[in-house]
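Remarks on the structure that follows.
What follows draws every value from the coordinates through simple rules; no lab data is involved. Just so it is clear, the structure is predicted and the values come from calculations on it, not from any experiment. As a convention, Cβ positions derive from the backbone with ideal geometry for all residues, glycine included, and neighbour counts pool all protein chains shown.
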């Protein structure tokens, strides 16, 4: 038994992470790959049987994972994001959710054939569009910030609300259909929900206060916050089943608000995000691998397929278009938002819980809930995952420009470099905290931002969506290293680079930490490049005449001058670094600084 559980954990974790990697490589929605992987190792080939392997630990494991994912999503929210669109977000998470509930319930009753009682329960649950599916899709689609913000806030706010609405419907049905159940249960429900929210708020407040006063050492900060999260979720569940998600969401919102004023809390963001990615990968595979074969066969029956189509093409569009009447949302945004509503982990886990208790209460048609939920989850994930990017481009809500460059530091070389990149169609933005340097860039007609790149105000006001690469070209090595460490998580190691400024013999050894060596640009110093420009060197685009794919050292390329980057045929950029071999393809061009 122990060996089976161990092997199952290893297979699920490894498969989850590699599913994310494969999805990144082939540019598919990661949720689709994970769903397919889970089905293959579970009901198709029977390699893993999670419920048998983990026994009683199966449900608690999934619940805690969902708690972490919800906390990560809610703690990343910033109220400043909703400036100008707060009215539409409020309408969507209130009236939109209510209309989705009623519409989903009617569809479940009249189309899927469920009893009216079960329909109103499951209709409440199906309003969820949680962060487990929305955030991975937003990462890949490069939506404009405004539209992405609406979808992200809806997913995170409604995710804990869905189970509560379903639970409320269940309590109402118990009171109205069972004379042994006292109406006071409804009062208990509301009181319990409020108490769960208060618990989340108080724990978030306590944690923020302790962290801001330095009560925890740095190496224990993330584990302690994770422990508080588990305590919060458990207390919410003790108060009333399914309210733990509300508790951790409120706690996350409280922590997220505190981040604006407590810098020591910000450092946990990437840790929780990494944990969330791991858990999203594994839990989705865990759930799909647990589906029985008979559930899969039920998915393809006409009532269930018809129900999904009604949810996709009638219920969701109507709820969005009606709820956003008179708001600032444009027609294009309404079309996109009314189409994008993938369901995920919360819908699958909570529907299983309701299926059990409803079957125990004598509702025989509750056996269809798991199949109904899986059909909605899998079809919406696939349909929305593959269409979000193309539809956003079609509606003009996604960036269609070539990936751009964010340059930190305005000096002779960086300004000339940015000017040339603009001339060949590469979007650029220069950021500098010196007004004199900033003005020099503006005078050249280069998009520039005056501000401190490390300040939260600047980070919030700069839209990073158009920029895939960061080039740090300041005149201070220590400052450049600090900017690198602050932004490498945002852009990734393959897209964050530094221009060295120290004397030659220190260049390879002491200028930057060893972890940054492979990210040092061009193999030349800032002073040397500035001097070359003064000597009359210019930028040029050189055809490499490559006939087949090959990997080469940059110094072996048959070009004169300093090689700066390769402009790939597909529009992407490959920058030359100190320790970098270049992969060249047919049609690639080189940007060089030469006479």
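List of remarks:
- Between the range 301-361 and the range 14-59, the Cα center-to-center distance that results, in Å: 24
- Sorting 209, 470, 245 from the fewest to the most surrounding beta carbons within 10 angstrom yields 209, 470, 245.
- Ratio of Rg to Rh over the range 372-447 (Cα coordinates, Kirkwood Rh, two decimals): 1.31
- Scaled to the globular estimate 2.2 N^0.38 Å, the Cα spread of the range 1-57, given as radius of gyration, is 1.20.
- The range 368-495: equivalent-ellipsoid semi-axes (sqrt of 5 x gyration tensor eigenvalues, Cα, Å): 38, 18, 12
- Two-site label geometry, residue 227 and residue 25: point separation in nm, points 7 Å out along Cα→Cβ: 4.0
- A convex hull fitted to the Cα coordinates of the range 331-382 yields 78 cubic angstrom per residue.
- Compared with the alpha-carbon gap, the fully stretched path from residue 534 to residue 45 is longer by 169.3 nm at 0.36 nm per residue.
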